[in-house]
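Worksheet: one structure, shown below.
The values are calculated or read from the model by the stated rules, or taken from the named source; none is laboratory data. Every value quoted in this text rests on a predicted model; they were computed, and no experiment measured them. Positions of Cβ are generated from backbone atoms using ideal geometry, with glycine treated the same way; all protein chains shown enter the neighbour counts. Areas reflect the complete protein model, heavy atoms only, side chains present, ligands, DNA and RNA absent. Shrake-Rupley method; radii C 1.70, N 1.55, O 1.52, S 1.80 Å.
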Amino acid sequence: MSTESLVPAEKVAAFRAAVLAKLTYAVGKDPEHAFDHDWFEAIALAARDHLVDQWMDHTRQIYREGQKRVYYLSLEFLIGRLLIDNLSNLGLLEVARTALAELGVDLEHIRTLEPDAALGNGGLGRLAACYLESMSTLGVAAHGYGIRYEHGLFRQQIVDGWQQEQTENWLEFGNPWEFERPEVNYPVGFCGAVTTQVDGQGVVRQAWEPGETVRAIAYDTPIVGWRGASVNTLRLWRARAEENLHLERFQAGDHIGAVSEVARAESISRVLYPADSSAAGQELRLRQEYFFVSASLQDLLRRHLAQHGSLLTLPEQAAIQLNDTHPAIAVAELMRLLLDEHGLSWEQAWTLTTGTLAYTNHTLLPEALETWAVALMERLLPRHMQIIYLINARHIDDLRGQGIHDFGLLRAVSLIEEEHGRRVRMGNLAFLGCHSVNGVSALHTQLMRNTVFAELHRLYPKRINNKTNGITFRRWLYQANPRLTELLVDTVGAALLDAPQTCLRDIEPYADKAAFCRRFAAQRRLNKEALVALVRERLGIALDPDALFDVQVKRIHEYKRQLLNLLHTVALYQAIRTDPSTDWVPRVKIFAGKAAANYLQAKLIIKLTNDIARTVNADPTVRGLLKVVFIPNYNVTLAESIIPAADLSEQISTAGLEASGTSNMKFALNGALTIGTLDGANVEMREWIGDENMFIFGLTVRQVEARQRAGDLNAEAAIAASPRLSEALLAIRSGVFSPDEPARYAGLVDGLSGHDRYMVCADFDAYWNRQRQVDAHWRTPKQWWRSAVLNTARMGWFSADRAIGEYASDIWRVLD
Ligand code: 26V
């Protein structure tokens, strides 16, 4: 394969011997009788040994050099599989492949046995995984902190077109990558009461006596960077009941009560919250947030004290990044630890807290902004609630002291929302308690300044900054698309692998070379054939690899507008049926994505996709011209198969609502053309790739805002003005796609026309017209492949290494 040139025989022999030793002594199997899964485990363990050597070297070096550490706190890490990632970054992929072949074991098959570590919902979790890998690649001394969920994101099954959720069980056969560290454990308290005490020096102190305590147990996974340069640690916490908790009840004969208390304590790390669009405010979620924040802060303060002796140097030696507001309770917890456990003054504690913490915002959707009922916080975290009140009081007093009395302003910047029952605003808490607040694309950052954080931004104009997202090219190019990688390396040299940000540009001149474009098209064609085989195997549907693969894969959300794509699909279907002899561009519409289990509208959109797919695929009039597929159970691994096979990438959110998007970057890097709105990172992609190599359409943020202000969300006029749109809506509404239940989509269609919150109808005609330009572009292959090559060549800037470099120099102040 492409990323390693030589396969030295000694390395192959050594790896082969290592795998056999692991199989025998760690897995306890004879090669003759080993199951495939035993081989997977043996290979992973052999690879892990290589990681450990580098890991220890790197850790020792960090200590020796007293490097500043970065702590990335995230409730989600959407890692996917690690075998190929680790082998490839260690430079052992070809070695392993050869060694295993000698043993009669096929690495391509074995890799499919690894379950995805799906400890995340979508973009936010995948970004955390990309960033960990990039921090190791760049040699940032980093620790990821999160929860070791026993069950990751649910498995999606499609039954009769409907999504059904099944429990995911990634740990069923154990996890060869992790190290359990039972000796690294911390108590995390909940509930109870706070009492005021006066210490020997007459200083008044608050003492929190928790009513319950849960133990956080550490599990460490080494994360290796490119070329094995450095290896960082992802430390995930599992919740375990305190032993003495149930013992007393057990001895008193209350067996059931004891067991249920254990279950309650341990439920904290049982399952990932499978939602990413509405902060439902359940107590368990707040418990999860506090649990991992408290354990992580205790752990990092212990490390800091052990190494540096004094907490006063914390901001010089540690940077803590909060991935969205999910860990925002860290502001109050760090204050509590510094004040109550380490005896610092308020001023000292506040200086250290704000000097160390930084916050990344990932969404402006009002329903996703976290707030917690004051009553819940007072019960679960009484000391933290006191601290939050104090932060708030000091802040408001400070503003009044500066002569600011504007009631509207004070209300907007308060940590407590008074309008809908009293609630703590976690976004405002994070803003005040952090020295840096960043958005994830230029547009999103500007919208943070203008909307959700407008008032706080006026008071602290330097705090908000932008860090446009990036993706790791190791996974999303080298591993997911070895064919394209090989072509690129063949063309501009192996230096590309170490410096893709700069070397990708060298591909540009080849966009006008026919021979190169032919090879570029040929690799895509092979990737498409592989996807065709996958769809045939899983769905029994035959696809034509020469058709244009038009792909929308992501969480199902109204704002991401899968409905707009479906309306286009239906309109296209009708147009082809009306005039089948026209020179249509054959298309395959590919959808995949999960809906939150309680998000009924999103689940209905999945059903509609499947209803449309069934009808269209069975209609002989459109045969060979249009196919629709919904591929179940979208996850990182499936993304790695779909993205390199896509011709057209759908990034069509209502302008202003997608903070950045990252799959948009993965598609473009792999040479798909984007059809998209001026939203999130699409805006910056256009600046790099060039407008002529993308298909931008639709209302801009300004136009969306103007309509919202005018209350102009009724779509009847737009529908009446667009015969194509009205016919598509009518067909869906009247049951053309749901003959078994003709009224199934009546509510959905009526909702769209009466109150089109996401402006699907308003954007329909622009989208349809842009899609016809896609067809025209596709009909001239020379043009299409030129654009495709330029997409790949111009995506270097969207590397996670660029993004992490910016975090490192502007926010964390490491690596200088
Ligand atoms: C919110 C909630 C609410 C409570 C229940 C659980 C839960 C889980 C996640 C979230 C936040 C979702 C925010 C998110 O995923 N944002 C995405 O972040 C990507 C990385 O920055 C970005 O590319 C996407 O545009 C953005 O939607």
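In a shell of Cβ-Cβ distance under 9 Å around G343, excluding G343 itself, what net charge do Lys and Arg (+1) and Asp and Glu (-1) give? Spell out each step's value before the answer.
Working: positive: R205; negative: D199, D340, E341.
Value of the local net charge: -2.
On the Cα set of segment 422-508, report Rg and Dmax in Å, please.
19.9, 62
Taking every pair of alpha-carbon atoms in segment 720-813, what share in percent sits in each 10 Å bin, from 0 to the bin with the longest distance?
Reading upward from the zero bin: 13, 23, 20, 22, 18, 5, 0.
Within the chain, what whole-number % of the accessible surface is contributed by carbon and sulfur, with the 1.4 Å probe and all protein chains included in the calculation?
Values: 15790 of 30340 Å².
C and S atoms contribute 52 percent here.
Taking 8 Å as the Cα distance limit and 6 or more residues as the minimum spacing, I'd like the relative contact order of segment 59-214 as a percentage. Please report the intermediate quantities before stating the final value.
Details: 182 pairs, mean separation 32.9, N = 156.
In percent, rounded to a whole number, it is 21.
Going by Cα centres, segment 66-136 and segment 734-813 are how many Å apart?
28 Å
Can you run phi through the Karplus equation (6.51, -1.76, 1.60; θ = phi - 60°) for segment 64-70 and list ³J(HN,Hα) in whole Hz, with x for Gly and Pro?
4, 7, x, 4, 5, 9, 10
For segment 536-546, in order, what is each residue's ³J(HN,Hα) by Karplus, 6.51 cos²θ - 1.76 cosθ + 1.60 with θ = phi - 60°, in whole Hz (x at glycine and Pro)?
5, 5, 7, 10, x, 10, 8, 10, 9, x, 8
For the chain, just the Cα set please: Rg and Dmax, both in angstrom.
27.3, 93
How about K782: which lysines have a C-alpha closer than 17 Å to its C-alpha, ignoring those fewer than 8 places off in the same chain?
Straight-distance partners of K782: K513.
Using the Karplus equation 6.51 cos²θ - 1.76 cosθ + 1.60 (θ = phi - 60°), what ³J(HN,Hα) coupling, rounded to whole Hz, does each residue of segment 483-494 give in order, writing x for Gly and Pro?
Each residue's phi maps through the Karplus curve to give 5, 5, 4, 4, 4, 5, 5, 4, 8, 10, x, 5 Hz.
Summing Lys, Arg as +1 and Asp, Glu as -1, what charge do residues with Cβ under 14 Å from the Cβ of D220 carry, D220 excluded? Could the numbers behind the result be given before it?
On the way: positive: R48, R148, R181, R235, R238, R303; negative: E178, E180, E183, D299.
Within the 14 Å Cβ shell, the charges total +2.
For a bin width of 10 Å, list the pair-distance distribution of segment 352-402 built from all Cα-Cα distances, rounded to whole %.
19, 32, 46, 3
Tell me what the chain gives for mean residue ellipticity at 222 nm when only DSSP H runs of n ≥ 4 count, each as -39,500 (n - 2.57), the sum divided by the residue total, rounded to 500 deg cm²/dmol. Could the numbers behind the result be given before it?
Details: 34 runs with 383 residues, N = 816.
Dividing the helical sum by the residues of the chain leaves -14500 deg cm²/dmol.
Which of rounded, prolate, oblate describes segment 390-442, given a ≥ b ≥ c as roots of the alpha-carbon gyration tensor eigenvalues and a/c under 1.5 marking rounded, otherwise prolate only if a/b is larger than b/c?
Working: a/c = 1.77, a/b = 1.29, b/c = 1.38.
It is oblate, given that a/c is not under 1.5 and a/b is not larger than b/c.
Using Cα centres only, tell me the gap between segment 315-386 and segment 47-61 in whole Å.
Taking the Cα centre of segment 47-61 as reference, the centre of segment 315-386 is 33 Å away.
Sequence-distant or interchain residues sharing an amide H contact under 5 Å with I223, placed H: which?
Correct list: N232, T233, L234.
Which of rounded, prolate or oblate describes segment 502-651 when judged by the alpha-carbon gyration tensor and an a/c cut-off of 1.5?
Note, shape of segment 502-651 comes out oblate.
Taking amide H positions as placed 1.01 Å from N in the peptide plane, with prolines and chain starts having none, which residues 5 or more places from R205, or on another chain, fall under 5 Å of its amide H?
Under 5 Å from the amide H of R205 lie the amide H atoms of Q197, V198, D199, each far enough along the sequence or on another chain.
Would you mind getting the accessible area per residue of the chain, heavy atoms of the protein chains only, 1.4 Å probe, in Å²?
Working: 30340 Å² over 816 residues.
Result: 37 Å² of accessible area for each residue.
What lysines sit close enough to K603 to cross-link, taking a C-alpha to C-alpha distance under 17 Å and skipping anything fewer than 8 places away on the same chain?
K554, K560, K594
Based on the mean of other Cβ atoms within 10 Å per residue, sort peptides 279-290, 794-805, 252-263 so the most packed one is first. Before the final figure, lay out the partial values.
Details: 279-290: 18.0, 794-805: 22.8, 252-263: 13.4.
Order by mean packing, descending: 794-805, 279-290, 252-263.
Net charge within 9 Å of R425 by Cβ-Cβ distance, Lys/Arg positive one each and Asp/Glu negative one each, not counting R425 itself?
Once positives and negatives cancel, what remains is -1.
Rounded to the nearest 0.05, what FRET efficiency is calculated for E242 and Q773 with R0 set to 56 Å and r the Cβ-Cβ distance? Can you show the working numbers first?
Values: r = 64 Å, r/R0 = 1.14.
It comes to 0.30.
Using modelled backbone amide H atoms (1.01 Å from N, in-plane), which distant-in-sequence or interchain residues come within less than 5 Å of E168's amide H?
HN-HN under 5 Å from E168: G152, R155.
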